[in-house]
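The values are calculated or read from the model by the stated rules, or taken from the named source; none is laboratory data. Only a predicted model underlies this, so the values are computations on that prediction, with no experimental measurement involved. Please note: Cβ atoms are built from the backbone with ideal geometry, for glycine as well, and neighbour counts cover all protein chains shown.
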Amino acid sequence: MRRDVFQAIADPLRRDMIALLAKEPLTINQVAEKFDVSRPAVSKHLKILEECGIISITNQGRERYCAIQPKQLIPAFLWIDQYKNLWEERLDHFENYVNQLKNERNEQS
């Protein structure tokens, strides 16, 4: 099954794992300790993140370390960024409308 970055970030638990691993590489056990789900569930989520290329899992001795691969998140950031300007523009229009209403009320008082 081919997975992509959007599938990876669709799940809130995986987004939390990405945020955690963005701070520092951790072993799978260290990641599992941070979440209130079963170890197999954590492994499943980490596997999806690895399949999407968002994290890499490497063996160091007996431990398996997870590390973020931030470049793989770029497609999601670019997709979201295209909507950022749209929402900023709409919020600016709304703010102007609210200010206009305030000014009209102040003039009536």
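The sole residue among 92, 4 that is loosely packed, with under 11 Cβ neighbours inside 10 Å and modelled with pLDDT under 95 is 92. The conditions of being within 13 Å of the chain's Cα centre (by Cα) and surrounded by 15 or more Cβ atoms within 10 Å (Cβ to Cβ) are met by residue 49.
The rows are residues; the columns are (1) under 24 Å from residue 3 (Cα atoms); (2) touching a Leu at 6+ places or on another chain (Cβ under 7 Å); (3) modelled with pLDDT under 90.
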| position | (1), (2), (3) |
| --- | --- |
| 28 | yes, yes, no |
| 34 | no, yes, no |
| 40 | yes, no, no |
| 44 | yes, no, no |
| 62 | no, no, no |
| 67 | yes, yes, no |
| 71 | yes, no, yes |
| 84 | no, no, yes |
| 106 | no, no, yes |
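The residues of region 1-33 that are basic (Lys, Arg) and touching a helix residue (DSSP H, G or I) at 6+ places or on another chain (Cβ under 9 Å), listed by number, are 2, 3, 14, 15. The residues of region 51-78 that are touching a residue at least 12 places away in the same chain (Cβ under 8 Å) and in a helix (DSSP H, G or I), listed by number, are 51, 70, 72, 73, 75, 76.
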